[in-house]
Amino acid sequence: MDLQGRNLLKETDLTAEEFRYLVDLGAQFAVAKHLGQRSGRLAGRNIALIFEKASTRTRSAFEVAAHDEGGHVTYLSPEDSHLGHKESVKDAARVLGRMFDGIEFRGFAQESAEILGAFAGVPVWNGLTDQWHPTQMLADILTMREHAGKPLDRVSYCYLGDGRNNTANSLLVTGALLGLDVRICAPDELWPAPETCDIARSLAARSGASLTVTADTAGAVRGADFLYTDVWLSMGEPEENWDKRIDLLLPYQVNAAMMAATGNADVKFLHCLPALHNADTEIGQRILGSRGLAGLEVTDDVFESPASVVFDQAENRLHTIKALMVATIGQLA
């Protein structure tokens with residue numbers, strides 16, 4: 001399958017077949033990595049990593065994936081790139097595209113990613129924006145495939161928490177694209193935007209996916225193969241909003257009772273990380289002191305349980321991002 005020169009700015013930039021192809025390729029790279037094999041498929045390629053938001057997994061995955069395959073990366077922090085401040089995104093795209101073979105963008109506005117993709121003249125990959133998180137979805141689907149114990153098109157997963165955020169948007173649309181059983185469980189006021197639901201419904205009409213958006217946790221998790229959540233106090237969340245957010249989302253916490261409510265003894269837990277599952281962080285200590293909660297979106301007993309596959313999921317960022325870069329700017333043969 002030829003994806004040379006292609007952008008990945010949102011999940012709908014790929015067909016279902018192209019998405020599955022990248023997941024398959026990521027699985028092959030995972031095997032090769034564990035065998036210590038390197039193929040140099042990005043040799044001579046120069047890759048720009050633009051970060052408006054800090055990251056552990058995204059930056060590490062792109063850098064290690066490129067280095068594994070012989071590529072070179074240049075990290076551009078908010079202080080380095082001046083995107084939209086001292087230089088327009090359009091101008092920066094046209095400069096960077098003449099110097100680099102591919103560009104990763106992790107930032108705020110989806111519009112910035114789209115402008116980069118339109119004007120760089122080289123593949124642009126969305127490492128996260130406020131609206132979409134497509135590279136995370138490649139890793140998530142590979143992880144589900146590894147742990148479901150059934151064909152992917154028979155998998156059901158339930159996301160619990162803020163249904164409006166980028167991870168929830170991407171999970172809804174990705175499941176719709178691939179024909180999965182997708183449940184988004186959130187308070188009414190935190191449901192996905194109508195336009196996101198419209199995209200998902202249009203995809204589901206073609207793929208046969210089952211889509212549910214509900215506030216009812218009992219119905220949403222019943223029979224699910226995976227429960228998925230995301231951090232409640234995300235980057236830039238004002239501290240004065242913390243108590244309101246926690247009160248609103250606490251009924252959607254993934255805990256032992258929520259896992260048991262699936263009725264599935266083999267249910268697995270997913271989280272895109274970082275997770276507030278204990279008081280071992282500065283924020284965790286503050287929440288413990290102010291609210292008496294040792295965990296927020298997930299409890300420590302679930303996070304550290306055999307059902308948790310979050311570190312396989314994190315590792316799969318590396319393998320699927322490697323697949324994406326090789327397929328779009330590298331050499332497959």
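The values are calculated or read from the model by the stated rules, or taken from the named source; none is laboratory data. Bear in mind that the values here come from a model prediction, so they are computed numbers and not experimental data. We place every Cβ from the backbone using ideal geometry, glycine too, and count neighbours over all the protein chains shown.
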Looking at (1) within 22 Å of Asn264 (Cβ to Cβ); (2) not in a helix (DSSP H, G or I), which one does Glu146 not meet, given that it meets all the others? (2)
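Out of all the residues in the stretch 118-138, which are in a loop (DSSP other than H, G, I, E, B) and in contact (Cβ under 8 Å) with a residue 40 or more places away in the chain? Lay out the reasoning, then the answer.
Within the stretch 118-138, the first condition is being in a loop (DSSP other than H, G, I, E, B), and the residues that meet it are 120-123, 129-133.
Once the filter is applied, which keeps residues that are in a loop (DSSP other than H, G, I, E, B) and in contact (Cβ under 8 Å) with a residue 40 or more places away in the chain, the stretch 118-138 yields Val122, Pro123, Gln131, Trp132, His133.
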I need every pair where a residue in the stretch 244-261 that is small (Gly, Ala, Ser) has its Cβ under 9 Å from the Cβ of a residue that is exposed (fewer than 13 other Cβ atoms within 10 Å of the Cβ), sequence separation at least 6 or different chains. Ala261/Ala218
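Which one of Pro251, Pro187, Pro192 is outside the structural domain of Gln110 (by TED's automatic domain parsing) and either over 23 Å from Phe303 (Cβ atoms) or among the hydrophobic types (A, V, I, L, M, F, W, C) (or both)? Spell out how you get there, then give the answer.
Working: Pro251 fails: either over 23 Å from Phe303 (Cβ atoms) or among the hydrophobic types (A, V, I, L, M, F, W, C) (or both); Pro187 fails: either over 23 Å from Phe303 (Cβ atoms) or among the hydrophobic types (A, V, I, L, M, F, W, C) (or both).
Answer to the check: Pro192.
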Every residue from the stretch 268-283 that is surrounded by 21 or more Cβ atoms within 10 Å (Cβ to Cβ) and either farther than 24 Å from Ala61 by Cα or without any contact (Cβ under 8 Å) to a residue 40 or more places away in the chain (or both): His277
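Take Glu63 and tell me if it is of a type in the set (Asp, Glu), buried (at least 17 other Cβ atoms within 10 Å of the Cβ), over 15 Å from the mean Cα position of the chain (by Cα) and within 21 Å of Thr129 (Cα to Cα). If you could, list the steps in order and put the result at the bottom.
Working: of a type in the set (Asp, Glu): yes; buried (at least 17 other Cβ atoms within 10 Å of the Cβ): yes; over 15 Å from the mean Cα position of the chain (by Cα): yes; within 21 Å of Thr129 (Cα to Cα): yes.
Yes, satisfied.
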I need the full set of residues from the stretch 137-194 which are within 13 Å of the chain's Cα centre (by Cα), crowded, with 24+ Cβ neighbours inside 10 Å and within 22 Å of Asp247 (Cβ to Cβ), in order please. Tyr159, Thr167, Ala168
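Kindly indicate whether any position in the stretch 59-74 is in a helix (DSSP H, G or I), of a type in the set (Asp, Glu) and over 21 Å from Gln313 (Cα atoms).
Of the stretch 59-74, the ones in a helix (DSSP H, G or I) are 59-68.
Narrowing the set further to residues that are of a type in the set (Asp, Glu) leaves 63, 68.
Okay, now just the ones that are also over 21 Å from Gln313 (Cα atoms), so none.
The answer is no; no qualifying residue exists.
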One residue is enough: does the stretch 296-305 have a residue meeting the conditions in contact with a strand residue (DSSP E or B) (Cβ under 9 Å, 6 or more places away or on another chain) and surrounded by fewer than 16 Cβ atoms within 10 Å (Cβ to Cβ)? yes
